[in-house]
Amino acid sequence: MKRWIDKCDKNSGAYLRQYFGNAPEWLLDSFQIVNMEKDTTFIAEGEKAQKVFILLKGSVTAIDYRVRETAYSYAEFYPTEVFGALEIIGDKDTYMTTLVAAENCVFLKIGRERFEKWLRSDMNAFQMQAKHSSEHLVGEARRERLNVLLKAKDRIALILIKEYEHATGADKLQIYLSRKVIMEATGLSERTVTRSLKEFETEGEITRSGWDIVLTKEQYLNLKKLVDHKINKMGV
């Protein structure tokens, strides 16, 4: 297992040690380490759910092609998400969503049959997986409610806050977020996104470095305080 842990950050490594704490050698020996390039679709909605992927490094986006004429990004995932586990828990034969590598990623890959045999026999791992999956679903439902209730700038601020919080150990976030990505995540028009980003910059809530958005720790804390206050007032 150590060769997997070496590819993870500290928190992800600790989670994997607990998750696989009682796993037998036949399971651990069955995993393959897979490198995947950005924009690779590795799971497609409706296909037979025959593989399980565990994200060790990078990030993944869930895509829905039915909401609009173009692809709609509605959820993000980070290490150590287990893709294919929800289908096991829900007793589904096909994948429930389309998943794309949002950046270069590293995964563990295993056949569903072997993984399911172990997961259903290991109460600790099953409970950890069920807890994580339910928390993620509740979180996504809450995010959808916020996208309906919050104003445009606040929706974008939520994205910036989340990106900062996932930049592990960084005092400053510098990231390229295209208008298309922000539009898909918020449901806003290109004109509204452009205007809102300009307002953020003019008011000193973000800074720019070329095409990148820069968010310092102070700017992050100010944004989070403002957005949290609005959310608390709404009682969401």
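The numbers here are math on the coordinates, done by the rules we state, and not lab data. Not measured: the values here are computed from a predicted model. A quick note on method: Cβ atoms are made from the backbone with ideal geometry, for glycine too, and the neighbour counts reach across all protein chains shown.
Annotations
- Length-normalised contact order of the chain in % [C-alpha pairs under 8 Å, at least 6 apart]: 19
- Taking N as the residue count of the range 161-236, its C-alpha radius of gyration divided by 2.2 N^0.38 Å amounts to 1.13.
- Stokes-Einstein diffusion coefficient of the chain, Kirkwood radius over Cα pairs, 25 °C, 0.890 mPa s, in µm²/s: 127
- Within the chain, longest stretch clear of exposed GluC sites (Glu not before Pro) (DSSP loop, no more than 10 other Cβ within 10 Å): 70-202
- Longest site-free stretch - the chain; sites: chymotrypsin sites (Phe, Trp or Tyr not before Pro), DSSP loop, at most 12 other Cβ within 10 Å: 66-175
- Spin-label pair Arg3-Ala130: with each label point 7 Å from Cα along the Cα-Cβ axis, the two points sit 3.4 nm from one another.
- Counting only alpha carbon atoms, the long axis of helix 123-149 and the longest principal axis of the chain meet at about 20°.
- Structure-based [θ]222 nm, the chain - -39500 (n - 2.57) summed over DSSP H runs of at least 4, per residue, nearest 500: -14500 deg cm²/dmol
- Over 27 Å between alpha carbons, listed pairs Lys51/Lys180; Lys38/Lys131; Lys7/Lys225; Lys48/Lys109; Lys57/Lys180; Lys57/Lys230: Lys51/Lys180; Lys38/Lys131; Lys7/Lys225; Lys57/Lys230
- The dipole here belongs to the range 164-204: it is taken about the Cα centre, uses +1 on the Cβ of Lys and Arg and -1 on the Cβ of Asp and Glu, and is about 220 debye.
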